[in-house]
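Throughout, read-outs are computed from the coordinates displayed, never taken from laboratory work. Given the structure is predicted, the values throughout are model-derived calculations rather than measurements. Neighbour counts are summed over all protein chains in view; Cβ atoms, including those assigned to glycine, are modelled from backbone coordinates with ideal geometry.
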Amino acid sequence: MKKNTLTISVFAVCVLCISSINTLSAQAFRKGAFIINLSEGWTGGTYQTTSIGEGQKNIVIGHEDGNRDPIAIEYGISKHIGIGLSSGTDFYFIDPMKYYQFSANTNTVKATTTDFTLDGYYHFMTTAKTDFSVVASFGSSSVGMQGSYSDESYQYMSKGNIARLGVHARFYVGGHIGFLVMASIFSMTNSTNGVNGNSVGSGYTTTISGSAFEMGLCFRFKK
């Protein structure tokens, strides 16, 4: 009798342990989870401008590297699916004469891109401390330059859309805080059509396609 009781007790403990492990495994991401990502990183790729003038289409293509600084939020609607919003700012230092045919008395000016996207996540592997997902994003974007030289100022702004596809990996070191690694590919096209106030680059469309790599922190609110 004692032997049977001991066997049942051991079995019950094993079941409880397995159940606890499974419960913990679901904690990295689950339905109702709310996560904030803060990251910084590198971005780069093909920088292209297109202008139409005097019956000709002029296309200039180059490779540019920049810095990326986004923030993102995500909410779990199931144990595998999440939806979210993200907002990012990228900085490129480009030759204005090469891409937009204007001079600012310097070889480079800062071109700033912004994006605001709706994100869909699929979490394909989750454990107690790790969370891996693929992310598809689509939303609005812009490319802008603004500054002054001598007694003159310059401004360029174009607006459009961006699509991004990426892989995210989160590694938690506690109940709430973790490290984040992200890699993605993207493409954005921005036009000056309907944009007022440009003093340079009127009629220039800017297309940027490339990749990004980011690292940062994530914070998870428990359900």
MRE, 222 nm, helices only [DSSP H, n ≥ 4, -39500 (n - 2.57), over the chain, to nearest 500]: -4000 deg cm²/dmol
Relative exposure of 47, 75, judged by other C-beta atoms within 10 Å (fewest first): 75, 47
Lys/Arg +1, Asp/Glu -1 at C-beta; the chain dipole; positive extreme among 75, 155, 29: 29
GNM flexibility winner over the chain from 106, 117, 49 (Cα, springs under 10 Å): 106
Listed residues 208, 77, 185, most fluctuating in the chain (Gaussian network, C-alpha, under 10 Å): 77
Folded to 0 to 90 degrees: helix 2-25 orientation relative to the chain principal axis, Cα: 10
Added length on full extension, which subtracts the Cα-Cα distance from 0.36 nm per residue, residue 67 to residue 219: 52.5 nm
Furthest towards positive pole of dipole, 118, 177, 108, structure part the chain, Cβ charges: 177
Electrostatic dipole magnitude of the chain [Cβ: Lys, Arg +1; Asp, Glu -1; Cα centre; debye, to 20]: 1600
Whole-percent pair-distance distribution, where bins are 10 Å wide, for the alpha carbons of the chain: 8, 28, 23, 16, 12, 6, 3, 2, 1, 0
